[in-house]
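> Below is one structure. I have some questions about it.
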Amino acid sequence: MTNIYQIQSQRILLRQWQAQDYPKFAKMCADPEVMEFFPELLSEDDSNLLADKFASQIAERGWGFWVAEHIEDGKFLGLVGLGQASDLPIDDAIEVGWRLAREHWGSGFATEAALASLCFAFETLALKETIAITAATNVRSQQVMERLGMKNNNENFQHPRVAEDSSLREHVLYKVDRQTFLKFTEESHPSFKVEIQSKR
């Protein structure tokens, strides 16, 4: 049986999906501001299918795109975690990603949870490198990537699942390797700590 990981940082718990998360996720995926840099809004059915996919991946391998929960009040913040970028014109890489509800923007939650995910990627999974991608027009997410110590190596690509005539088709590719990330967090986030737990 696979160990299911959950990660705790100072303010955030990254955990497996639960039934009560689905309506909150669906509401988030129907918000035009949250989905500004995605090809389309999601219906409730499509949102539920996506949440099922994330939950199944975590159940199968122990990690993935977790629910981000605010520890203090238990509020659903969104999703943050790691995924396999296997359908992109990139070597079979692990990406870090996030999608937060609009009311939780601007509080540093995306950076904190993504840092925790990268700590897990490099310390527990022993990855050599992780990537992050977003539409070239999504400046906010690129700023988060830079706060994670990731670098844009000017390897933009055309996303195969975005329409050819869409302004969102061009994506940027950010990368960070283990040594660079560990040095960056030590210098830029010296007090940052995570607790990684696993259970069957």
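The values are calculated or read from the model by the stated rules, or taken from the named source; none is laboratory data. All values derive from a computational prediction rather than experimental measurement. Cβ sites come from the backbone with ideal geometry, for glycine too, and all protein chains shown count toward neighbours. Note: accessible area is taken over every heavy atom of the protein model, side chains too, but ligands, DNA and RNA are not part of it. Shrake-Rupley method; radii C 1.70, N 1.55, O 1.52, S 1.80 Å.
> Return the calculated 222 nm mean residue ellipticity for the chain, to the nearest 500 deg cm²/dmol, obtained by summing -39500 (n - 2.57) across DSSP H runs with n ≥ 4 and dividing by the residue count. Spell out each step's value before the answer.
Values: 5 runs with 62 residues, N = 200.
The helix contribution divided over the chain gives -9500 deg cm²/dmol.
> Just to be sure I understand: of the beta bridges DSSP finds with both ends in the chain, what percent are antiparallel, rounded to 5?
Looking only at bridges with both residues in the chain, the antiparallel portion is about 95 percent.
> Can you tell me which aspartates and glutamates have their Cα less than 15 Å from the Cα of LYS183? Leave out same-chain residues fewer than eight positions away.
GLU123, GLU129, GLU146
> Still on this structure: What distance in nm separates the simple spin-label points at ASN3 and GLU40, each placed 7 Å from Cα in the Cβ direction?
4.1
> Roughly how many Å is it from the Cα centre of segment 1-53 to that of segment 113-179, as a whole number?
19
> Tell me the carbon and sulfur percent of the accessible area for the chain, rounded to whole percent, probe radius 1.4 Å.
Working: 4730 of 10460 Å².
Heavy-atom surface of the chain belonging to carbon and sulfur, 1.4 Å probe: 45 percent.
> Take the alpha carbon gyration tensor of segment 4-199, find the square roots of its eigenvalues, order them as a ≥ b ≥ c, and report rounded if a/c is under 1.5; if not, report prolate when a/b exceeds b/c, else oblate. Could you put the intermediate results ahead of the total?
Working: a/c = 1.43, a/b = 1.04, b/c = 1.37.
Rounded is the answer for segment 4-199, as its axis ratio a/c remains below 1.5.
> While we're looking at this one, here's another question. Please give, to one decimal in nm, the separation of the simple spin-label points placed at LYS199 and ARG178, each 7 Å out from Cα toward the Cβ.
With each label placed 7 Å out from Cα toward Cβ, I get 2.9 nm.
> Could you work out how far apart the two model spin labels at ASP52 and PHE192 are, taking each label as a point 7 Å from the Cα in the direction of the beta carbon, and quote it in nm?
That separation, rounded to one decimal, is 3.5 nm.
> For a label point 7 Å from the Cα of PHE157 along Cα→C-beta, name the residues of segment 73-117 whose backbone N is under 18 Å from it.
82-98
> Which whole-number percent is the relative contact order of segment 114-200 (Cα, under 8 Å, 6+ apart)? Spell out each step's value before the answer.
Working: 98 pairs, mean separation 29.1, N = 87.
Across segment 114-200, relative contact order equals 33 percent.
> Based on the mean of other beta carbon atoms within 10 Å per residue, what is the order of 106-117, 184-195, most packed first?
On the way: 106-117: 21.7, 184-195: 12.5.
Packing proxy ranking, top to bottom: 106-117, 184-195.
> Which peptide among 29-36, 48-55, 172-179 comes first, and what is the full order, when sorted by highest mean count of other Cβ atoms within 10 Å? Could you put the intermediate results ahead of the total?
On the way: 29-36: 14.5, 48-55: 16.5, 172-179: 18.5.
Peptide ranking by packing, descending: 172-179, 48-55, 29-36.
> What net charge is computed for the residues neighbouring ILE133, neighbours being all others with C-beta under 15 Å from the C-beta of ILE133, Lys and Arg scored +1, Asp and Glu -1? Walk me through the intermediate numbers first.
Details: positive: ARG99, ARG140, LYS151, ARG161, ARG169, LYS175; negative: ASP87, ASP91, ASP92, GLU95, GLU129, GLU146, GLU155, GLU170.
So the environment of ILE133 carries a net charge of -2.
> With the other protein chains left in place, how much accessible area per residue, in square angstrom, belongs to the chain at a 1.4 angstrom probe?
On the way: 10460 Å² over 200 residues.
With all protein chains present, the chain gives 52 Å² per residue.
> Under 5 Å between amide hydrogens, which residues at least 5 positions from GLY64 or on another chain qualify, with H placed 1.01 Å from N in the peptide plane?
The list, which skips near neighbours in sequence, is LEU82.
> Beta carbons within 10 angstrom, averaged per residue: use that to sort the peptides 58-69, 16-27, highest first. Could you put the intermediate results ahead of the total?
Working: 58-69: 22.0, 16-27: 16.1.
Highest to lowest by the protection proxy: 58-69, 16-27.
> I would also like to ask the following. Quick one: order ASP73, ASP165 from most to least accessible surface, probe 1.4 Å. Mind dumping the intermediate values first?
Details: ASP73 80, ASP165 140 Å².
Final ranking, largest accessible area leading: ASP165, ASP73.
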